Amino acid sequence: MQKIVLASASPRRKQLLEWAAQEFDVIVSHCPEEAPGKLSPHETAIYIARQKALAVLEKVKENIPVLAADTIVVCKGRILGKPKDREEAIHFLELLSGTNHTVITGVVIRYGKKEISFADETIVSFHALSRDQIQFYVEHYKPYDKAGAYAIQEWIGVIGIKAIQGDFYNVMGLPVSRVMQALSSL
């Protein structure tokens, strides 16, 4: 496998690529995670991932693939990004409690002028969560860097998730199997 650049500060994406035995360097994009309002959730995730990839591509000196991703949570037609504070994290988790929601990760791989882009979707179902459980999670895990204010691999995922349909790793932030297939097609 060819070495790549991961355009992400996410420790979860880094861990997933390590598990896949993919050799990579990390260059953080530092670009805003915003998209034009008229885009669908899938288009939004891809748009933000593309902006991250392009920002990092400018910093890469060699001809090497750049992988960027962005994960969003969609609940009741609303995109839940990263919560800005404790109150918003609690609010997001109250919205997710006892319902299904969709986790969408947009992926963009840039290699020279070639681009591979896609969005992967996983449906997650939460048990009803008590206010005490939500507050415990926010206080102890501080999920401010996570779309939808939660991480499936943490305590809330263990006690709160009823079912998932789709790629578990997509919910962690990167549909690794699909990414590895895309990289091999380069």
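What follows draws every value from the coordinates through simple rules; no lab data is involved. Values in this document were obtained by computation on a predicted structure and should not be read as measured data. Glycine gets a Cβ as well: all are built from the backbone with ideal geometry, and neighbour counts include every protein chain shown.
A few points about this structure:
- C-alpha center-to-center spacing [the stretch 5-58, the stretch 118-166] in angstrom: 21
- When peptides 59-72, 110-123 are sorted by average Cβ neighbour count within 10 Å, with the highest value leading, the order is 59-72, 110-123.
- The gain in end-to-end length when the Q153 to E34 segment is fully stretched comes to 40.3 nm, 0.36 nm per residue minus the alpha carbon separation.
- Dipole magnitude of the stretch 1-146 about its Cα centre (Cβ charges: Lys, Arg +1; Asp, Glu -1), debye to nearest 20: 300
- Principal-axis tilt of helix 41-57 within the chain, Cα atoms, nearest 10 degrees: 40
- Residues in the stretch 129-145 reached by a label modelled at Q15 [backbone nitrogen below 18 Å; 7 Å Cα→Cβ]: 137-145
- Degrees, to the nearest 10: 176-185 long Cα axis against longest axis of the chain: 10
- Anisotropy class of the stretch 128-167 from Cα gyration tensor, a/c 1.5 cut: oblate
- Paramagnetic label reach from K114 (point 7 Å along Cα→Cβ; backbone nitrogen cut-off under 13 Å): within the stretch 60-85, residues 64-66.
- Among (1) 41, 38, 33; (2) 51, 34, 26; (3) 43, 38, 30, the entry that matches Cα extents along the principal axes in Å as calculated here: (2)
- Ranking V176, I4, L39 by how far each Cα lies toward the positive end of the dipole of the stretch 4-185 (charges on Cβ) leaves L39 at the top.
- With Cα atoms, 0 to 90° folded angle of helix 131-141 axis to the chain main axis: 40
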